[in-house]
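Here's the structure, in structure tokens; my notes come after.
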Amino acid sequence: MENIYTRPLPKMRTIKETAAELNVPVYALRQWVKSGEVPAVYAGRKALLNLDLVIKFLNGGEDND
């Protein structure tokens, strides 16, 4: 049976990984997550961020597709 759902998986990163990859301060990412500006999914106490959504946020909410 062929899988018809071929949605790409989100690129999830920890706050530290996201900060390093995007050259953004860790404290800024933590504040944006805490304020709800950047959505996060929690795995225990670790916040995981969708890298594409963070990039979109940093670009002012614009899609660059």
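Are there any pairs with C-beta distances below 6 angstrom linking a residue in the range 35-58 that is among the acidic types (Asp, Glu) to a residue that is open to solvent by 50 Å² or more (accessible area, probe 1.4 Å) and not in a helix (DSSP H, G or I), with the two at least 6 apart or on different chains, and if so which?
Note: no pairs meet the criteria.
Looking only at the range 1-21, how many residues end up being outside any loop (DSSP other than H, G, I, E, B), farther than 22 Å from Gly60 by Cβ and of a type in the set (Val, Ile, Thr)?
Number of matching residues: 1.
Looking only at the range 22-65, which residues are in a helix (DSSP H, G or I), open to solvent by 70 Å² or more (accessible area, probe 1.4 Å) and aliphatic (A, V, I, L, M)?
Leu53, Leu58
The values are calculated or read from the model by the stated rules, or taken from the named source; none is laboratory data. Predicted model only: the values in this text are computed from it and were never measured. FYI the Cβ positions are ideal-geometry reconstructions off the backbone, even for glycines, and counts take in every protein chain you see. Surface accessibility is based on the protein's heavy atoms, side chains included, excluding ligands, DNA and RNA. Shrake-Rupley method; radii C 1.70, N 1.55, O 1.52, S 1.80 Å.
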